[in-house]
Each structure stands twice: as C-alpha cells, then as structure tokens.
Amino acid sequence: MTFKATLRLALSDPRESPRKTWPLLLGLVFGIATWVVLTGFTRGATNWLRERVGGSLPNRIRVSSSKTQFGPLQLGGGLNDDTVAACKAIAGVEEVYRQAHYPGPCQLFANYSGQRMTTDLILEGVDPGQVLAQLPTGAAFEDTSGSQVPAVVPQPVLDILNAGISAHTNLPNLSEQALIGRGFELRVGSSSFAPGPSIDIRCNIVGVSDQLGVNGPAVPLAWVQRNSKRPLEYHTLTLQLAPGANLESVLRAVDRLHLAAPDLETAKRIGQAAVLAQVLAAAFAGAILLVAGVGIGSGFTVKVQLEQPDIGLYRSLGATRRDIARLYLVRATSLGMQGAIWGLLAGLFVGQASATLILSQLPKALSQGVTLFQPSPASLLTAVFFAPMVAVGAAWLPARQAANLEPGRILRNGG
C-alpha cells in the first residue's frame, strides 16, 4: 500500500465523526491553549517589568556608586567629574549623562483638578540628552536663565500617582498629553520641615521620561549648578552605548570603577524569575498534555479493538504490518494537528481577551501603551510541533498492536 493510499484511507475513515474525535481533542486543545496563555502572559509581564525598571531605551545603562547604593533608589552621591571622564573613556560608551539632587530642601505648589496641592520634594538636575529622546518634537529642555524653567516628570512618579492617588479618589488620571504645557511653582531652599532663605520659580512641564528613576521632577542640570551654593555630587550616571558596543565589556569596566548597575541587576533577577515561570508553565501544560496523551492512547486502543474486521480485510488485500501501523499513526498526527490549531486559536483568543479585561481595570494612563499578552513565535511553533508528537507518542503502542494482529485469526473469529 503506497503512502498516498494510506493517507487517503486514514483521513477518510468512515467510522470516524467529529462527535467521536472531540473527546480525544479536548485534552490537546486545553493543554496547548494553557501553554499559549501562560507563556504569553509571562513574556508580556517580563517585558513590562524590564521596561519599568530599566526604561524603554535599551542602549543605556544607569550606574551609581556601589558604596552609596540603597536598592533601586540612589539617595547618596559620590560621583564627580573625574568619574564622568572615566566612564566616557570606556570603549563602547558614546555619551555620559549626569544626574544630581539639588543640595537643599524644595517645596512644590500646584493645582490638581481645581485643588491646591503642596508637597516637599527632591528636585533633580539632569543633562538634557538624558531625556530629549522621549520629549515631544520641538520641546526645549535647557537652562535659558528665563522666568520659566523647563521640567520633566518621571514616568514612575506618574504611574504611582495614577495607580495610587487617582485610583482611590475622585481626582482624574494624568497622562503625558494632559501634563505638557502645564506648570507648577517651586520654592527652592525651603520646605515645611526645613524653612530658610528661598527663591520661588515657575516650572513649565515639557514632557515625561522613564530615564529619571523614582525621584522628583527634573530640571536642566545647568540650572541646578547655577543656583546651588556648593559643588554638586552626582548620584547617577547614564551611559549611552554606541551601536554594536559589547555590553559585558562595558560592565566589566564599570565594575573596575567601583560602580554598580542596579537596574541591570534587577532586570537580571526579573529574567531569572521569567525563566522559572516559563518552566512552571511548561510543566503545567505538559501535565495536561500527558493526561491528554493517556486519553488518546486509550481511545486508539479501543479503536483498534473495534476495527479488527477492517484490519483483517486490509491485510488480506495486501496491506503490510507497516501499512497498518502507519495508518493509525497518520490518524494520530491528524488528531494532533487539529488539537494544535484549535489550541492555538483558543489560547490566543483567551489570552488577548484576558489581557484586555485586565488592562481595562487599570487606570488609563497606567495601561496606555502596555501589551500584557505577548506570545512569542517560538512558543507558538513549540505548540504546533508538540501536540502532534504527543498524539503520535500516545498512539504508538496501539498502532503496533494493530500491526501485529494476524489477519487469518481475525477473519476466522469474525473480528
């Protein structure tokens, strides 16, 4: 029997119907759909966390003094112009952007949805290049010595505000578009806890950036230097890498300077957690597919018992043992492909619907631009190939049993 004839016979089985095959398909569909949903959410959540930790610009590394590091918040100083020069000399570093606190108390006054808001804060000074890539086209962020000072709001602060204050009050969510062009007053040199000589300035918000960490609003570093009464110590340096730079080589040079890259360490831990989550997802989906395989094996065993008269007839007409085994394995492959296709469709639908539902419950400004469900092509291809392998593996023993049946005995016994 040719392979083409075997294929035609297997796929046109008169004893089969969709109603009979669905019980065998359900386990495969559920297992593949579970794999797609879990891996898609793991990848989406991992990418979202990495971006929130390290920022959305992948060619940058934030470093700080390892002696003054307190987790993700860099509250100490210890970096100076010599450190900046040493970082610029590292092969693969294209530019170094400085970040420093204003060395004194500050107080902010603003109107938030008609309500007056006053708060003490830490004023940040940053080099313009650190945030320009994320500002709207044409936005200016430099010290002009004018009556208004341009300011940039850190993205994490905006997220905290929307997820915390706005979510539990009647105050509206704030978006980047709603903030740009608005202003606030700063009292520099005095606060509610440390009153003293101060100056009042007007700040104009020109954008939002995820390159500033969890700090207060940022103004041009030149303005902070000009208005500071003592030399600044930088608490963070942002290294912009040249195209094709060797990240590992840069990190070794950073370590030799006794600097730390806390964002990369956090991202590494996130990556390790993502790998563990992928393993758990694979184990859970694998357990479901294992149960499905047992069901498929039992189903094919029953099929072989019921189809013994057909097997005896095929053998008497010249079919070999290999043809009979191939007949059932082709059916198993077809079943596996159906399970893979339906499982992929179900997984993609459930995953996307669940992600949409979850994001709809978050503040709009916090969920904007977030893709929570991101199944990778590799995970989808794994599902496409794995489901038929499970079905074929489960049907292997019944197929061999069918091939080993003696046609004469079957026909004598009447099946």
Those residues of segment 298-326 which are part of a loop (DSSP other than H, G, I, E, B) and touching a residue at least 60 places away in the same chain (Cβ under 8 Å) amount to Glu307, Gly318, Ala319, Thr320
Out of segment 256-290, which residues are closer than 19 Å to Arg331 by Cα and either acidic (Asp, Glu) or surrounded by fewer than 17 Cβ atoms within 10 Å (Cβ to Cβ) (or both)? Leu290
Leading residue by the ranking (surrounded by the most Cβ atoms within 10 Å (Cβ to Cβ)) among those in segment 125-163 that are farther than 24 Å from Pro105 by Cβ and charged (D, E, K, R): Asp159
Might you check whether a residue that is crowded, with 17+ Cβ neighbours inside 10 Å, in contact with a helix residue (DSSP H, G or I) (Cβ under 9 Å, 6 or more places away or on another chain) and not assigned by TED's automatic domain parsing to the domain that holds Asp120 occurs anywhere in segment 220-228? no
In segment 46-66, how many residues are in contact with a strand residue (DSSP E or B) (Cβ under 6 Å, 6 or more places away or on another chain) and surrounded by 20 or more Cβ atoms within 10 Å (Cβ to Cβ)? 5
Name the residue, out of Ala194, Ala242, that is small (Gly, Ala, Ser), in contact (Cβ under 8 Å) with a residue 40 or more places away in the chain and more than 15 Å from Gly104 (Cα to Cα). Ala242
Residue under evaluation Leu357, criteria (1) outside any helix (DSSP H, G or I); (2) within 34 Å of the chain's Cα centre (by Cα); (3) surrounded by fewer than 18 Cβ atoms within 10 Å (Cβ to Cβ); (4) not aromatic (Phe, Trp, Tyr), criterion not met: (1)
With criteria (1) surrounded by fewer than 20 Cβ atoms within 10 Å (Cβ to Cβ); (2) modelled with pLDDT of 60 or more, Arg43 comes up short on (1)
Within segment 142-177, the count of residues that are modelled with pLDDT of 80 or more and in a helix (DSSP H, G or I) comes to 5
Regarding Leu357, is this residue modelled with pLDDT of 85 or more, under 30 Å from Asn173 (Cβ atoms), in the same structural domain as Arg50 (by TED's automatic domain parsing) and not aromatic (Phe, Trp, Tyr)? yes
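The values are calculated or read from the model by the stated rules, or taken from the named source; none is laboratory data. The shown structure was predicted, so the numbers you read here are calculated from the model rather than taken from an experiment. All Cβ positions, glycine included, derive from the backbone under ideal geometry; neighbour counts span all protein chains shown.
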